[in-house]
Every structure is written in structure tokens, then in C-alpha cells.
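Coordinate-derived values only; no laboratory data. Predicted, not measured: the structure shown is a model, and the values here were computed from it. Cβ sites come from the backbone with ideal geometry, for glycine too, and all protein chains shown count toward neighbours.
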Amino acid sequence: MMKKWILQNIQAGFTVSLIALPLSLSLAVASNATPLQGILTAIRACMIAAYFGSSNYNIFWPAGALTALLAVVGLHFGITAFPILAILVGIIIGIFYLLRIVRYVMLIPSATLHGFIGGVGITIFLTQLDSILGLQWLPKHEHLYENVLQTFQHIPSASIASVVVFVVSLTFILV
């Protein structure tokens, strides 16, 4: 019985890792961190979440909801600020838990969630637009709109090979 349970969990874990690995890589790059830092963060976060919050009804993986905020923190304070930010967020969540107000944090209307998720998707796309076009050499600015305007100004310099790789990869993912 235990062997069957372990095999089922290994299969589920492998399935989740197929999604979490490229997601953690892209979120790290979008946050101005290195791909290795994204992978290590995903592994550590999932291990901690599995220990403290594991159940049969949840899946832990990196989330892109605050990528724009992380990019700004990375630009202002450098990537060494990320561990401090993570600790502060953990403390805030712990305070919510101790005050027993976690359930109120989770009461968000579905329309708000859909708008938030749509905004996050657009933000991640715009943050990675220069990579899609092969314009990684462009300097990064504090505000997203400055980066997007700069990317649009350099579209004539875009790499066709980079765009083709993106389109092929996206098609593969969607299919």
C-alpha cells in the first residue's frame, strides 16, 4: 500500500514539476534574477510548503502574481533583497494566521480574481517582450511603461530567430 502511495505521489510531483520548472525560470528572468535562482527558489518554496501546508487538495508552485513588484524590488535594491522580502511576507502571513484573519483574506470576489489574473498575464507578457523580440541588451528602467516604450522603439532591431523560437515554443505549449 505504501509503495503505491509513493508511486502516485512521485507521478503527481513529476507532473507538477513539468509546469513549475519553466514557470520558475521565466519568473526569475522577469524579476531580473538568474534562472538558477528561480529554480532554487521554486525547490525550496515547494519543500517548505509541502512540509507546512501539504494536503490532497493543493499544489504548490511558483506564482507570477507579483512579478512586476519583484522586478522593481530587484532594480532598486538588487537581487539580494529577495530573501529579506520573502521573510517579511512570511512574517505578515504568520501574523494573519495568529490573528485568525486568514479566512477574510481568502474572501475575494471572482471578478476581482479574474481581473487580477488578466493583469498579471499582461504584465508578465510586457515584462518579457524584449526577450521575445531578442532585445535583451536594452537597459531596464524602474517603471514598466518605460521598458515597454523602449521595446516598441527598438522593434526594427528585433531578432527574427528569437521571435520564431518564441512562436514555435508557444505553439508547442498551447497544443
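Show me the ranking of peptides 81-89, 96-104 by mean Cβ neighbours inside 10 Å, starting with the highest.
Most protected by this proxy first, the peptides run 81-89, 96-104.
Using Cα-Cα distances under 8 Å and only pairs 6 or more residues apart, what relative contact order does segment 99-175 have, in percent? Walk me through the numbers before you get to the answer.
Working: 33 pairs, mean separation 21.4, N = 77.
Rounded, it is 28 percent for segment 99-175.
Which residues in segment 114-134 have a backbone N closer than 19 Å to a point placed 7 Å from the Cα of VAL163 along the Cα-to-Cβ line?
125-134
Determine by what factor the alpha-carbon radius of gyration of segment 79-175 differs from 2.2 N^0.38 Å, reporting the quotient. Show your work: numbers first, answer last.
Numbers: Rg = 18.9 Å, N = 97, 2.2 N^0.38 = 12.5 Å.
Dividing the Cα Rg of segment 79-175 by 2.2 N^0.38 Å gives 1.51.
With a Förster radius of 45 Å, plug the Cβ-Cβ distance of PHE77 and ALA12 into 1/(1 + (r/R0)^6) and report the FRET value to the nearest 0.05. Numbers along the way, then the final one.
Numbers: r = 37 Å, r/R0 = 0.82.
It comes out at approximately 0.75.
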